[in-house]
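In what follows, a single structure is set out as C-alpha cells and then discussed.
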Amino acid sequence: AIAQRGAGEGAGAGEVDAAEAAEDAVKALEEAVGEEAAAPARLHLHVLRTLGNLAAGNVHATAEVPKIVARLVKSIEGKTDDEIDEAHAYKWLPVRATIALAKLLTGESLRPLGKFSEARRDLEDAMDQCDAALKHLGVMPEGGDADAKAIIEQEQLIAEQRAAMEKEGSPSGRGEFKTSPRGKTKGKRSRGGKKADADEETEDQPPPPPKRQWVGSEIDLAPRTANDAKPYLHIRMLALQGLVGADLTATKLSLAAARTEQMRAMVESYPRTLRGYASVADHAEGQVLHSLGMYKEAAARFAAAAAAAESFGP
C-alpha cells in the first residue's frame, strides 16, 4: 500500500487494513518472544508508518516518532549483527543500516515541524552511521584514489603500532626495555655485535600491517561489496538531500553548496548504483543556485533533473 502511494497511485486501498494487520503481527511477536527481541520488527513497522505519513503530508502524525525510534534504537545500538541474530527474533537490515535509516526518518519528520537543529543532528548522525559502515567495507562514499587511501591508512596503522610499542617500552609502561626517540631498543649488546643487535631488533618488530584494498569507484566495486554497501550509499544520499534542505532553510548557503558537491561526487563515483539519484543531485544543485540568485544556471539544473528522472527515475 505504501509502495502504491510512493509510485503516485494514491493512498492505496489496503493501507489501513495492512497497517492494522502489521500491528497485530508485531504485538503477537512481542508476546511470544518479548519486546526486546521483537524490537527490530517494531522499528520496521514505525519506519513504514513514518514513510506513509510523510508521503501523505500528515506531518503531525510523526511528532512522537523520534522518541519511539530513539527507544527502539537504544535496544540494538552497540550490538553486532551476529548478536542481533542471536538475541532478536526478526531479521531486517544490518545494525548500522537500521540505525541510519531510523535517524534519517526522524530527521525528515522533524524538519516540517520547524525543529531544524534537531533534524540536522539526526541527519548528520545518519551520515556518520553510513560512513562508519562504508569504512568497514572499504568503500569511499565520494570516490577517490583507492591506492592512495590504502597507503595513507597503512601509514596510520604503522604509526599507531609504533606508538603502542614505545608506550609498552617506556619506564611508565609494562615493558622491560627502554626506547630511544628513534624507536630503537636499548639494552646490553650481545656477543655477536651489531649484527646480533640488528637481528634482535628485527625480531622485536612486528610485521607491518597489510594494505587494505579500498573501493573508490564503480569499477572497483565487487558484486558482494556492492550489495553490502548499497543501503548505506542510498541512505547517505537521502541524508545529504535532507541536510541541503535544512541548510537552505537556515540560509547556510555555503554549507548547502558543499553538500551538493558531496552528492555530485557520490553519483559520479557510483553512477550505476546511484543512477536513480542523479535527478536528486541535480535538483539539489538547482535549489542552491536559485537561492544564490543564479537563475539561469538553476533552470539548467532543474531541466537536467527532469531529464534524469525521466531516464532513471526519481
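The values are calculated or read from the model by the stated rules, or taken from the named source; none is laboratory data. Keep in mind the model is a prediction, meaning the values are calculated, not measured. Don't worry about glycine lacking a Cβ; one is built from the backbone with ideal geometry, like all the others, and counts go over all protein chains shown. Accessible surface is based on the protein model in full, side chains and every heavy atom, while ligands, DNA and RNA are left aside. Shrake-Rupley method; radii C 1.70, N 1.55, O 1.52, S 1.80 Å.
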Check whether at least one residue in segment 82-97 is modelled with pLDDT of 80 or more, open to solvent by less than 50 Å² (accessible area, probe 1.4 Å) and either touching a strand residue (DSSP E or B) at 6+ places or on another chain (Cβ under 7 Å) or small (Gly, Ala, Ser) (or both), and report yes or no. yes
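Does Pro206 satisfy the criteria of being modelled with pLDDT under 80 and under 40 Å from the mean Cα position of the chain (by Cα)?
Numbers: modelled with pLDDT under 80: yes; under 40 Å from the mean Cα position of the chain (by Cα): yes.
Yes.
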Taking the condition of being open to solvent by less than 80 Å² (accessible area, probe 1.4 Å) and either basic (Lys, Arg) or not in a helix (DSSP H, G or I) (or both), how many residues in segment 108-148 meet it? 10
From the list Arg272, Arg264, Arg224, exactly one residue is basic (Lys, Arg) and closer than 18 Å to Ala305 by Cβ. Which is it? Arg264
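When the residues of segment 149-169 are filtered to those that are touching a residue at least 60 places away in the same chain (Cβ under 8 Å) and under 28 Å from Ala97 (Cβ atoms), which remaining residue is most open to solvent (accessible area, probe 1.4 Å)?
Initial filter on segment 149-169 (touching a residue at least 60 places away in the same chain (Cβ under 8 Å)): 149-151, 153.
Right, trim to under 28 Å from Ala97 (Cβ atoms) and you get 149-150, 153.
Working: Lys149: 78, Ala150: 8, Glu153: 32 Å².
Among them, the one singled out is Lys149.
Just the residues that are assigned to a helix (DSSP H, G or I) and open to solvent by 30 Å² or more (accessible area, probe 1.4 Å), please, taken from segment 24-41.
Step one: filter segment 24-41 for residues assigned to a helix (DSSP H, G or I), giving 24-33, 39-41.
Matches in segment 24-41: Asp24, Ala25, Lys27, Ala28, Leu29, Glu30, Glu31, Ala32, Val33.
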